[in-house]
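Values in this text are rule-based calculations from the coordinates and carry no lab data. Remember, predicted model here, so these are calculated numbers, not experimental data. In this analysis, Cβ positions are derived from the backbone assuming ideal geometry, glycine residues included, and neighbour counts consider all displayed protein chains.
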Amino acid sequence: MASDFCHCWAGRYFFIWGLAWRERKGLPTRELADSVIRRLLAGMQRGFLFVAMWPITPAWLATAMGLAFVIPFLVNFSYDWLVASAVVDPTAPGHQRLLARWQRWAYGPVALGMRLLTAGALVVMIGQGLTHWEALRAGLAAAGVPDEIAFILVGMGLLLTPLLALGVAPRLTAVLLYFPVGFSLLAGSSFWPGLVAMYGLTAVILLGPGPLALWQPEARAFTQRLGS
């Protein structure tokens, strides 16, 4: 999966080549506006590749993690190509109305629902881990993770899950929660809740926490280019 993800990452160069080819053929092109989603995906892709290269990351976990990033990447890549190749006009009134409707829906009720669903999945995952504590420790030990790290991971889950549910620094909290979720999946202690939590954390980072989030001091760092 890591190699497949690298192919998606290399899509940027095919994108640039495709635009250059259209310009040589005299076909219309359009410059892309800055995109928060595009910037977030770029950072998450680099983080995924870093983790996927860890020796303790099995192929199935790298695949599951990769899908969480590849799917939104391909959707955004396809939309960007339609805009850059002048198939879609982002300044058209009809397109802007449709985009505004989509953004209200995605960044509103969908984002809130994903945050609460993710928090619920985390509660189940942590509960299963504590209920089957010895199995969790044994699974982590088999991957070379010492007991001290296991205690830290459980502590992170217990501390950060309520913060995510309340919307306290939600994007930063979601990034930190990748660690207990990823290691729980690695240990095999809570597969489906962990998988739902991992995809949900990705949604929280991309869409934000939605309404009713208490405190978002990190929002600027996640959504604006450094120095702007």
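Structure summary
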read-out: Among 61-67, 48-54, the order from most to least packed when residues are scored by Cβ within 10 Å on average; value: 61-67, 48-54
read-out: Label-point gap, in nm, between Tyr107 and Leu214 - each point 7 angstrom along Cα→Cβ; value: 2.4 nm
read-out: Proximal charge balance of Trp133 [Cβ under 15 Å; K/R count +1, D/E count -1]; value: -2
read-out: Mean Cβ neighbour count within 10 Å, used as a protection proxy, ranking 177-185, 112-120, 13-21 highest first; value: 177-185, 112-120, 13-21
read-out: Tensor-based shape of segment 36-138 (alpha-carbon gyration tensor, a/c under 1.5 rounded, otherwise prolate or oblate); value: oblate
read-out: Modelled FRET efficiency - R0 41 Å, Glu23 with Ala221, Cβ distances, 0.05 increments; value: 0.70
read-out: With Cα atoms, 0 to 90° folded angle of helix 11-24 axis to the chain main axis; value: 0 degrees
read-out: Placed amide H near Val168: partners under 5 Å, 5+ positions off or other chain; value: Leu214, Trp215
read-out: Between helix 170-187 and the chain: long-axis angle, C-alpha atoms, 0 to 90°, nearest 10; value: 60 degrees
read-out: Backbone HN-Hα couplings from phi across segment 51-62 [Karplus 6.51/-1.76/1.60, Hz, Gly and Pro as x]; value: 6, 5, 7, 4, x, 7, 7, x, 4, 5, 6, 4
read-out: GNM flexibility winner over the chain from Leu41, Leu130, Leu163 (Cα, springs under 10 Å); value: Leu130
read-out: Between 0 and 90°, nearest 10: helix 191-207 axis offset from the chain longest Cα axis; value: 40 degrees
read-out: Highest-MSF residue in the chain out of Leu207, Leu195, Leu159 [GNM, Cα springs under 10 Å]; value: Leu159
